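*Asks:* My questions all concern the structure below.
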């Protein structure tokens, strides 16, 4: 696509805020969830004294 | 044919009797298996979401009535489906935990709920933006918007109730009751959604025309929905592994007797 077409696409017929506001919340929420999960995992592993998680651990 | 079916059924029964599925029912046996599954689910989720969102943003033609803003449907509707599906799965897991006193099922319920809440919020958020674009108001008293709000509240209520009760057994039981009662609300929502004209901006536009017309629209919705389901599976399994370790930290397989860890 040419630059103008891209610009037109990003403008979403004047509804850029609504359309991209809906879509970009998804990666933001996913990122927040994965970071929280990573922190939770680290906390419990530290508590248990496991240096790292071994999938095959018994 | 009859013989082979008989052999198949006998094989299944034998398998059940062999207790080959038992390892999947205990937290200890499930833990490594869940870990092995997560990368595959995550990769599949990424692919399916990429395909679905690409179709929705680039391939599907501009909606004749609403224009580009109707593209919100391709994230709003899959999020709505998956938020309801996860709620039913959470309630089913909690119900199994309640009736059979199965620890892993109760753990699965509390592991699923936050991801379900995420999709319920996405559903509510995108629905609100869509309402704003089409009618000028952030909030419209449609049955579907109302059910979305109830679904978000139920998720928050379940997680809050579970967190507020310190005794794990009691927390599981109380939470299960809330979820099982909440299923009614989800069934109302499911009953509301097919009547698109009554629910979505009062005309066969947007959602309705997207579903009524063309295969690219349907393919987009299904691919994104499938991707969301697999992402929810991966995230819930990640959380379930944390919940398992937290809940089982006293047991021998997590903390072997005689080791220095508390």
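*Asks:* So which of B:37, B:16 ends up being in contact with a helix residue (DSSP H, G or I) (Cβ under 9 Å, 6 or more places away or on another chain) and surrounded by 11 or more Cβ atoms within 10 Å (Cβ to Cβ)?
*Replies:* Within the list B:37, B:16, the selection yields B:37.
*Asks:* Considering only residues that are more than 8 Å from every other protein chain (Cβ to nearest Cβ) and assigned to a loop (DSSP other than H, G, I, E, B), look in the stretch A:16-58 and name the one that is nearest to residue B:230 (Cα to Cα).
*Replies:* A:24
*Asks:* What residue, of B:223, B:219, B:234, is touching a residue at least 40 places away in the same chain (Cβ under 8 Å), closer than 27 Å to residue B:48 by Cβ and at the interface with another protein chain (Cβ under 10 Å from one of its Cβ atoms)?
*Replies:* Going through B:223, B:219, B:234 in turn, the sole match is B:234.
*Asks:* Considering each residue of the stretch B:46-90, count those that are more than 9 Å from every other protein chain (Cβ to nearest Cβ) and on the phi > 0 side of the Ramachandran plot, and give that number.
*Replies:* 0
*Asks:* Considering the stretch B:120-142 alone, what residues qualify as being under 23 Å from residue B:224 (Cα atoms) and touching a residue at least 12 places away in the same chain (Cβ under 8 Å)?
*Replies:* B:120, B:121, B:122, B:123, B:124, B:126, B:127, B:128, B:129, B:130, B:131, B:133
To keep it simple, each residue is scored yes or no on (1) within 14 Å of chain A (Cβ to nearest Cβ); (2) farther than 18 Å from residue B:76 by Cβ.
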position: B:107; (1), (2): yes, yes
position: B:114; (1), (2): yes, yes
position: B:121; (1), (2): yes, no
position: B:134; (1), (2): yes, no
position: B:164; (1), (2): no, yes
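*Asks:* Exactly one condition in (1) loosely packed, with under 11 Cβ neighbours inside 10 Å; (2) touching a strand residue (DSSP E or B) at 6+ places or on another chain (Cβ under 7 Å) is not met by residue B:70; state its number.
*Replies:* The number of the failed condition is (1).
*Asks:* Looking at residue A:13, is it assigned to a helix (DSSP H, G or I), at the interface with chain B (Cβ under 8 Å from one of its Cβ atoms) and modelled with pLDDT under 85?
*Replies:* Answer is yes for this residue.
The values are calculated or read from the model by the stated rules, or taken from the named source; none is laboratory data. For clarity, every value in this text was computed on a predicted model and none was experimentally measured. Neighbour counts run over all protein chains shown; Cβ positions are idealised from the backbone, glycine included.
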